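To start, the structure under review is shown below, and the notes come after it.
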Amino acid sequence: MVFKNNVGFESKVSFGNTITVSNNTAGTVKIPAGQTNLRLEFTRPYSKPPVINVTPIGIVSPKYGVVNVTEKGFEIQIDPAQESELQFNWFAVETSDNF
């Protein structure tokens, strides 16, 4: 079933298999060696700044964080710059005031 308009669920929702989301909701990015930040722009802006979660791939020693979150994108910052590229998984979700 494909919904072409907004759908609201007011109770628990269970999925019996994997959940697939668009590349506007989750993905993987790489911060090149020598760089201290990466700006990611969403393919479609959110209606308000979403909640962002980033997770490094592997064991990393630099400090890292998410900064400058807007409806259009966000930045991942690391300190200090690294000698090799760092890879991060990210996930964005917009919260609702309706629940």
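Here are some notes:
- Estimated D of segment 6-99 in µm² per second, where Rh is the Kirkwood radius over Cα pairs and Stokes-Einstein applies at 4 °C, 1.567 mPa s: 87
- Working from label points 7 Å from Cα in the Cα-to-Cβ sense, the E41 to A26 distance is 2.5 nm.
- Each of V66, I52, V93 was scored by the projection of its Cα onto the charge dipole of the chain, and the greatest displacement toward the positive side belongs to V93; charges sit on the C-beta of Lys, Arg, Asp and Glu.
- Each 5 Å bin from zero holds the following percent of Cα-Cα pairs in segment 17-67: 4, 13, 25, 25, 16, 12, 5, 1.
- Set of lysines with alpha-carbon distance to K48 below 18 Å, sequence-local pairs under 8 removed: K72
- Unit charges on C-beta of K, R, D, E only; dipole of the chain, Debye: 220
- Surface per residue (accessible, 1.4 Å probe) for the chain, Å²: 75
- Share of carbon and sulfur in the accessible heavy-atom surface of the chain [1.4 Å probe, %]: 50
- Under 17 Å of direct C-alpha separation, and excluding same-chain neighbours fewer than eight residues apart, K30 reaches these lysines: K63.
- Contact order normalised by residue count of the chain, Cα under 8 Å, 6+ apart, percent: 36
The values are calculated or read from the model by the stated rules, or taken from the named source; none is laboratory data. Here the structure is a predicted model, which is why all the values come from computation and not from measurement. We place every Cβ from the backbone using ideal geometry, glycine too, and count neighbours over all the protein chains shown. Remember, those area values only see protein heavy atoms, side chains included, never the ligands or the DNA or RNA. Shrake-Rupley method; radii C 1.70, N 1.55, O 1.52, S 1.80 Å.
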